[in-house]
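K.L.:
The structure that follows is given in the form of structure tokens.
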Amino acid sequence: MKKFNFKGRKHVVTATCLLVGMFVLTTAVYANYDDARGYTNYKDAVKDLVFNQNNFSANGEMTVLVDGKEMASMKGDFNLDGKDYYFKTVSQDNLSNRDNKYENIQVTKDGKTFYYYPKTNSYTVSDANKDFRPDMSDPTVKKGVRFAELFADTMVGDLKNNFVLKSKDGDNRTYSVNVSGSQIPEVVNAGISLMFTAANNDNGSSYDVLYENYQKSLAAYYKQQTGKEMTQDVYNSWNKEMEKINGDFSKKYYDILSAKGSGVVYVKADGTYEYYQTYDQYAKNAKTEVINDRNIMKLLGNDPYIDSASCNFTLNKEGKLIENQMEASMAGVDSKGEKHTITMKANYKITDYGKTKVEAFDTTGKTKEN
């Protein structure tokens, strides 16, 4: 089945995690005692949601923009009832021109996990794995969480007192946090600079297959194998023939790369390819404007910085998180002296604490693949 491919995207994941971490460090203006509890309330609510709550519903979305253009997005719905859960994601990735949209539904119910692929109306089933959350009774896990919490507290320092109570609506409290780059602790920007310098000044080695346009390259291969044009309807149907052709198509170029041992195989839209010994050679010589996991780091150069960050969150009377909106931007200058900005936006809502039910997966009219 087509799946959202994170292989080789460690730099993007690292940068995204870094942006998420910045939400904890954002600051505004000290107001009153309730504001001073904002950081602690938020931290406690997030810990409670992640580690303790076993019945709730959540939905939200996240987007990543480069210079104002949306490059990746994910929408999700999650329902949890003890060991049973429903999880739907719709992801789109424009960081490369390979298969860039994927929808998946996963249902775990009564010890069985169903993976449903809407595009092919098919599913697989397996025994459910153990609880996807860490075991908080494990002493090692407990100490790890405690260490992470203390580390965050140390990094935040006195800024923990600077959350603003924005409003009260009945028993709900909404806090707002907004900062500019000048308010970010120097140690944070120093760490960002170190990470980017290391990533941008390695030896340029790589092991990857990159595409000028994944769908067009696949269409060229499809025609070569079948003698027919790959229409959009054929591509969207993604039947067993398409599944096999796609697998063979991917294997063809990875076999070429495997024979080389390392480097980059750059596949053009017509199916021809170029080979580069290092990623730096690819970046310098390949005629492509595609943003991928490697050059997105180079866009920000060696000294990027947090340009701005904001976070709004709402807690109910029990201190549980019910809504969160976050945004952070990182800016930097590339090797040509041009400024670029990467922005991440996320928002989600948590509802039905203690009231969520997970329905059994309905197999009617669907094809079982295993």
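K.L.:
If we keep just the residues of the range 275-293 that are in a helix (DSSP H, G or I) and loosely packed, with under 14 Cβ neighbours inside 10 Å, which is modelled with the highest pLDDT?
P.N.:
Step one: list which residues in the range 275-293 are in a helix (DSSP H, G or I), which gives 279-285.
Now drop any that are not loosely packed, with under 14 Cβ neighbours inside 10 Å, which leaves 284-285.
Working: Lys284: 77, Asn285: 81.
Out of the qualifying residues, it is Asn285.
K.L.:
Would you mention how many residues in the range 250-274 are open to solvent by 50 Å² or more (accessible area, probe 1.4 Å) and part of a helix (DSSP H, G or I)?
P.N.:
Qualifying residue count for the region: 6.
K.L.:
Sticking with this structure for a sec: Looking at the range 239-254, is at least one residue in contact with a strand residue (DSSP E or B) (Cβ under 7 Å, 6 or more places away or on another chain) and farther than 30 Å from Arg37 by Cβ?
P.N.:
Yes; the residues of the range 239-254 include at least one that is in contact with a strand residue (DSSP E or B) (Cβ under 7 Å, 6 or more places away or on another chain) and farther than 30 Å from Arg37 by Cβ.
K.L.:
Among the residues of the range 225-240, write down those that are open to solvent by less than 80 Å² (accessible area, probe 1.4 Å) and part of a helix (DSSP H, G or I).
P.N.:
Thr226, Val234, Tyr235, Asn236, Ser237
K.L.:
If the Cβ limit is 7 Å and pairs must be 6+ apart or interchain, which residue in the range 332-360 that is assigned by the TED database to the domain that holds Ser310 and of a type in the set (S, T, N, Q) pairs with which residue that is open to solvent by 20 Å² or more (accessible area, probe 1.4 Å) and part of a loop (DSSP other than H, G, I, E, B)?
P.N.:
Thr341/Asp67
K.L.:
Something else about it: Check Lys43, Lys69 and return the single one that is under 20 Å from the mean Cα position of the chain (by Cα) and charged (D, E, K, R).
P.N.:
Testing whether each residue is under 20 Å from the mean Cα position of the chain (by Cα) and charged (D, E, K, R) leaves just Lys69.
K.L.:
Further question on the same structure: List, please: which pairs have Cβ atoms under 7 Å, are six or more places apart or on different chains, and start with a residue in the range 309-327 that is aromatic (Phe, Trp, Tyr) and end with one that is in a strand (DSSP E or B)?
P.N.:
Close Cβ pairs (under 7 Å, with a partner that is in a strand (DSSP E or B)) amount to Phe313/Tyr175; Phe313/Leu321; Phe313/Glu323; Phe313/Asn324.
K.L.:
Return the residue satisfying two criteria in turn: it lies in the range 183-207 and is outside any helix (DSSP H, G or I) and surrounded by fewer than 20 Cβ atoms within 10 Å (Cβ to Cβ), and of such residues it is modelled with the lowest pLDDT.
P.N.:
Among those that are outside any helix (DSSP H, G or I) and surrounded by fewer than 20 Cβ atoms within 10 Å (Cβ to Cβ), it is Asn203.
K.L.:
While we're looking at this one, here's another question. Can you pull out the helices (runs of 4 or more DSSP H) entirely within the range 1-91 that have at least 2 residues that are surrounded by 19 or more Cβ atoms within 10 Å (Cβ to Cβ) and at pLDDT below 90?
P.N.:
Result: 10-25, 38-47.
K.L.:
Can you name every residue in the range 324-347 that is open to solvent by less than 60 Å² (accessible area, probe 1.4 Å) and within 15 Å of Glu61 (Cα to Cα)?
P.N.:
Matches in the range 324-347: Asn324, Met326, Ala328, Thr343, Met344, Ala346.
K.L.:
Taking the condition at pLDDT below 90, part of a helix (DSSP H, G or I) and surrounded by fewer than 17 Cβ atoms within 10 Å (Cβ to Cβ), does Lys244 pass?
P.N.:
yes
K.L.:
While we're on this one: May I ask you to say which residue of Gln215, Gln277, Gln225, Gln232 is of a type in the set (S, T, N, Q), free of Cβ contacts under 8 Å to residues at least 12 places away in the same chain and over 27 Å from Ile192 (Cα atoms)?
P.N.:
Answer to the selection: Gln232.
The values are calculated or read from the model by the stated rules, or taken from the named source; none is laboratory data. Everything numeric in this text was worked out from a predicted model, so none of it was measured. Note that each Cβ is placed from the backbone with ideal geometry, even for glycine, and that neighbours are counted across all protein chains shown. These accessible areas exclude ligands, DNA and RNA; they are computed on the full protein's heavy atoms, side chains included. Shrake-Rupley method; radii C 1.70, N 1.55, O 1.52, S 1.80 Å.
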